[in-house]
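See below for the structure under consideration.
The values are calculated or read from the model by the stated rules, or taken from the named source; none is laboratory data. What you are looking at is a predicted structure, and each value in this text was computed from that prediction instead of being measured. Quick reminder, even Gly has a Cβ in these numbers, built from the backbone with ideal geometry, and neighbours come from all protein chains shown. Accessible surface areas use protein heavy atoms only, side chains included; no ligands, DNA or RNA. Shrake-Rupley method; radii C 1.70, N 1.55, O 1.52, S 1.80 Å.
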Amino acid sequence: MFFQQVINGLSVGGIYALMAVGYSLIYSLLNFTNFAHSITVTIGAFATFYFLTELFENIYAGILFAIVVAGILAILIQILGYSVLLKKNAQRIYLLITGLGISTMCDNLVIISFTSRFRVYPVNFSTKAINVFGATFGTIDLIILAVSAVALILVQLFIKKSRAGLAIRGASFSLETASIMGINTQKLIMIVFLIAGALAGLAGALLGAKYTAYPALGTNMANKAFISSVVGGLGSITGAVIGALILGIGEVLISGYLSSAMRDIFSYTLLVIILFVKPSGLMGVDIGDRA
Amino acid sequence: MLEYWLGVATLTGIYMIAVLGMSVLTGFTGLFSVGHAGFMAIGAYTSALLTKTYGIPNIFGVISAMAAALIVGLLIGYPTLKLKGDYFVIATLGIGQATKLIIENLPGITGGARGLTGIPPGSSFLTVLIIVVVVIWILRNFLRSKQGRNCVAVREDELAAASIGTKVASYKLLAMGISCALCGLSGALLAHFMQYLSPSMFSIVKSDELVMTVILGGTGSLTGSIVASLILIPLPEVLRFGAVQEWRMVFYGLLVVLVIIFRPSGLMGNREFSIAGLRRFFENMRLRMKHGRAK
Amino acid sequence: MQDKEAILELRNVSKYFGGITASEDICISVPKGYIYGIIGPNGAGKTTLFNMITGVYDTTEGEIFFNGKKINGLPTAAIAKLGVARTFQNIRLFGSLSVYDNIFTACQKNITYSLLDGLFRTPKCRRQERAMSDYCEELLEAVGLIEFRDQQADNLPYGLQRRLEIARAMATSPQLILLDEPAAGMNDEESMALTAFVQSIRDEHGITIVIIDHHMDVIMALCDHITVLNFGQLLAKGSPDEIQTNPDVITAYLGVDD
Ligand SMILES: Nc1ncnc2c1ncn2[C@@H]1O[C@H](COP(=O)(O)OP(=O)(O)O)[C@@H](O)[C@H]1O
Ligand SMILES: [Mg+2]
């Protein structure tokens, strides 16, 4: 039972991590929270649903489709929404408000286009169970766990090994310095939004499989990812993953042993406590202002 | 029919108080919150429960509501406003959601998700009107005072503000306190006006609407917030058909993005409406033409 | 060796950013009433010194005294209240406020009314506001910005933005003003005007001034004493004449200047 809960928690945490890494990547490079992140999650779920119902009934192809659509959407959000503000070095509050505006607009467009109904993927795997060491696991949880782990490892490799990843890490100390040193920061910003969007799309596709697709899915879940990234430390990618796993396991155990109503209270209370006790999170660093 | 519109007007006044609070926080001090509906909820339930359960007069209920919202606001503001980064915004998200969840999960006390009924009536049109006028007068005084100017300095440039001796974190906390007290007041008035409360009245969407109303009115203009409130708050009452509410939010979102990108100072700019202001505007135009713009 | 007359004293001050040494073992003593110059190539650590003096950065090592009181470790606002004002290398005005409001916001020294006085605009509040308002008008007149009183700070021409930033520093009634490259980007005519302006701040208001700049004519015309920094270290100290003939300074500038 406990073992089963932990696996379940890891699978929830894995999805949170996919979204939390997006928050952290953007925060580490640009120092603001992308409030429009949630919409790429919602779109990921709906893209998968419509791919499966209208085009081709293969979950993996559907997931891939969601990744592409959400990645493109994230790039569009950056180009149409943030880029002007970033170019004129606008105050951070304007970026936050723009993100809020975009997410409000898109959330409601989704409701208008797709209605508030809950959509179940036509792929039937949530009932199948696998037996390991006497414990039963939902197939879906194992798939989610594996897919998120692979995606997170790929992103980690990209950040740690590739030239662009190196540039992103360097630029996260100071975007200005990086740009003076001749690094194409516009390109870095695009890459970061693309990765964040693609991961969010993947998360959306998986969430849709686990919980069905509905318009508020992105907002509800992205908030949890946001909490994860704070628990781990704003702007720290490793921290985001650790925070997400802690939150995922915590939530599953709470809903398993207490009640599912207590689950969300747990998450938001954890958030408030972290802000009181160690606001920089488990792995975060405080960055000073430059005069 | 008249009664209906009087009700709409009262409701507009009640929400306007919360918008004015947000205006001090977001418009004048440059802080962003996604959870201020939570402070309205704290105020609403505090006053509702105190008056309903203990039978104390509404006025004391309302004062307690303001105090409760203020205290919670200062408690989460104190540790997070000292930090650089988005910690404060995150704290407002946390408190907004936590408040709603706690109300939903204490059905014995708050009525839970099904709501709280039997709240003593109050908040007549006249009462609300008087309170709105007093609040506007006090805020106008505040913004013309040293304390108000320091808040604006913080919005403009924290480092520059500190370099002229402004205690940045203290003034942020002050703005937070004012906004929370006003949201608490607004919530309490709402409770007695509706005589019914449910947690869904204080969702994150409501918080977002408060911010967006301030942005559309103009960051740094009290008049702008008032005008935006007068237009935007009654709108859902006027538009009551089909998917029009969703379209309204699409429109708000789009407008907010456009305003921020093309005219960050909002519809009214950071000017208050006055004859002197109009004169200044033309004077500015003249000088701008004469000297050209910097850079 | 503490100079009794020193208004500002840096004792063995160092600042490291991770592996970068921005300042190392700097000792500077600024006598009261001086116009004190700090020069050095870009990246020499000049701005970093100002940031440490004003509490924007903490010192890694060493101590800073203002009027004999240790100020390092104090928050920026507290240091400003003691009487240290500054300008910034990349101008930081209250951009969307008018020229007048920029100055008025900085005028706080004689405002003692409480928040409640402000909220209800009591007679005490009105009286002090009126007095301050008169003072600001006078200051604007004195610094030659009265003509632009109601113009938005962001819309001012560059030279006037610099002047306004200095005026804002003066409005805090400081004993010491730190000017970070006030002549940057100015042509000869503008920097001449600036030189006269800075001179008058010291002569007419009795304010001690520390000035960083790359315009040697400005520095040489104004300064009573000059310190040269290079790679975070103190390279030379002396009168303008001594500095101009110092071989180390000449090599450093010839070697590094762009
Ligand atoms: N906040 C900071 N973080 C890291 N390095 C910094 C910071 N501020 C200044 N530096 C470094 O310290 C050195 C000195 O900078 P600065 O004081 O600005 O030089 P100057 O004003 O003489 O041109 C430079 O190498 C600069 O990159
Ligand atoms: Mg410098």
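Of note:
- For the residues of B:246-255, the average number of beta carbons from a partner chain within 10 Å of their own beta carbon is 6.
- Global geometry of region B:1-52, whether rounded, prolate or oblate, following the gyration tensor of its Cα atoms and the 1.5 cut on a/c: oblate
- Cross-link pairs A:Lys161/A:Lys210; C:Lys70/C:Lys237; C:Lys81/C:Lys124; C:Lys69/C:Lys109; B:Lys82/C:Lys32 - those with Cα-Cα distance over 26 Å: A:Lys161/A:Lys210; B:Lys82/C:Lys32
- Placed amide H near C:Ile7: partners under 5 Å, 5+ positions off or other chain: C:Val30, C:Lys32
- Per-residue HN-Hα couplings for region A:196-208 [Karplus 6.51, -1.76, 1.60; θ = phi - 60°; Hz; x = Gly/Pro]: 4, x, 4, 5, 5, x, 4, 4, x, 4, 5, 4, x
- Taking trypsin sites (Lys or Arg not before Pro) in DSSP loop conformation with at most 16 other Cβ atoms inside 10 Å as exposed sites, chain A has its longest uninterrupted site-free stretch at A:129-289.
- FRET efficiency for A:Thr269 and A:Phe118, using Cβ-Cβ distance with R0 set to 22 Å, rounded to 0.05: 0.20
- Shown here is the pair-distance distribution of region C:96-170: with all Cα-Cα distances grouped in 5 Å bins from zero up to the longest one, the shares run 3, 17, 26, 21, 14, 11, 7, 2 percent.
- Three-way shape call for region C:16-148 based on the alpha-carbon gyration tensor, with the a/c threshold at 1.5: prolate
- Note on chain A: Rg/Rh from C-alpha atoms, Kirkwood Rh, equals 0.97.
- Residue of A:Leu234, A:Leu18, A:Leu145 that the Gaussian network model of chain A assigns the largest fluctuation, springs spanning Cα pairs under 10 Å: A:Leu145
- Normalised contact order of chain A, rounded percent, pairs of Cα under 8 Å and 6 or more residues apart: 37
- Among B:Gln147, B:Gln195, B:Gln245, the residue with the largest mean-square fluctuation in a Gaussian network model of chain B, with springs joining Cα atoms closer than 10 Å, is B:Gln245.
- Net charge in the neighbourhood of C:Gln108 (other residues with Cβ under 9 Å of its Cβ; Lys, Arg +1, Asp, Glu -1) is +4.
- Projected onto their three principal axes, the Cα atoms of the protein assembly as shown cover extents of 88, 67, 49 Å, largest first.
- In the elastic network of chain A, a GNM with C-alpha springs shorter than 10 Å, the most mobile of A:Gly99, A:Gly233, A:Gly182 is A:Gly182.
- Cα-based shape type of chain C, given that a ≥ b ≥ c are square roots of the gyration tensor eigenvalues and the cut on a/c is 1.5: prolate
- Rounded accessible area of B:Leu173 (nearest 10 Å², 1.4 Å probe): 40
- Cleavage-rule hits, trypsin sites (Lys or Arg not before Pro), region B:31-110, DSSP coil, Cβ neighbours within 10 Å at most 16: B:Lys82, B:Lys84
- Viscosity 1.306 mPa s, temperature 10 °C, Stokes-Einstein D of region B:2-202 from Kirkwood C-alpha radius, µm²/s: 93
- Heavy-atom accessible area for B:Trp247, with the other protein chains in place and a 1.4 Å probe, reaches approximately 130 Å².
- Dimensions of region A:175-285 from C-alpha coordinates, computed as largest minus smallest value along each principal axis and given longest first, are 55, 36, 18 Å.
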